[in-house]
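For reference, the structure is listed below as structure tokens.
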Amino acid sequence: MKQAISAIIAATIMGATTAFGQAAPPAPSPGSPFVIGEAFPDTPASCDSLPGWLYKAPEYDGRISMAVRGELTASESDGVLAYLFMCPAEKVQVVCITYEEHEVIAGKQVLLAGGFAGVGDGQVVLDPCLAYDAPPG
């Protein structure tokens, strides 16, 4: 009987340790251009709001997705991957790594959305990333 009780206590403790050991993903700030997982954020960042949001990026070891709306500044390809650039380099430039080039048209709004791969050297990298022509507004 003592062994059975010990086993139940041990299983309960192990279950509690596992439950407490796994932290829930953080909830991004309201209106954030970030979302945990592969969903699409409700509110994309803009080139103007992006620098302020980078300090509010969720600290999470899993997938974080992000969306940014603005004009493309460049579209390049190495024959396999395409690199779409948005926002001026003087602020924070966005680099979208995708498989398809996108035509750069002055004044045309584009939505870049993908995996937030971090920040470095004044750039935000979205990889993998998709580019969509943004509806007006």
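Where a number appears in this text, it was derived from the coordinates with a stated rule and is not lab data. Computed from a prediction, not measured in an experiment: that's the story for all the values here. Backbone-built Cβ (ideal geometry, glycine too); neighbour counts: all protein chains shown.
Using a Förster radius of 41 Å, what is the FRET efficiency between Ala134 and Asp61 based on their Cβ-Cβ separation? Nearest 0.05, please.
Values: r = 31 Å, r/R0 = 0.75.
The value I calculate is 0.85.
Dividing the alpha-carbon Rg of segment 32-105 by 2.2 N^0.38 Å yields what?
Rounded to two decimals, the normalised Rg is 1.15.
Return an integer: the convex hull volume of the alpha-carbon atoms of segment 62-137, in Å³ per residue.
So the per-residue hull volume is 93 Å³.
Quick one: net charge around Phe40, please, counting Lys, Arg +1 and Asp, Glu -1 for every other residue with C-beta under 14 Å from its C-beta.
Counting the neighbours of Phe40, the net charge comes to 0.
How much length is gained on full extension from Gln109 to Gln123, taking 0.36 nm per residue of separation minus their Cα-Cα distance?
3.1 nm
What distance in nm separates the simple spin-label points at Ser49 and Thr73, each placed 7 Å from Cα in the Cβ direction?
In this crude label model, Ser49 to Thr73 measures out at 2.0 nm.
For Ala82, what residues show an amide H to amide H distance below 5 Å, using hydrogens built from the backbone and excluding near sequence neighbours?
Thr98, Tyr99, Glu100
How about segment 60-111: which GluC sites (Glu not before Pro) there are in a DSSP loop, with at most 16 other Cβ atoms within 10 Å of their Cβ?
Glu90, Glu100, Glu101, Glu103
Quick query: amide H of Ala45 versus all other amide H atoms, modeled in the peptide plane; which residues come in under 5 Å with a sequence gap of 5 or more or a different chain?
Correct list: Ala67, Val68, Arg69.
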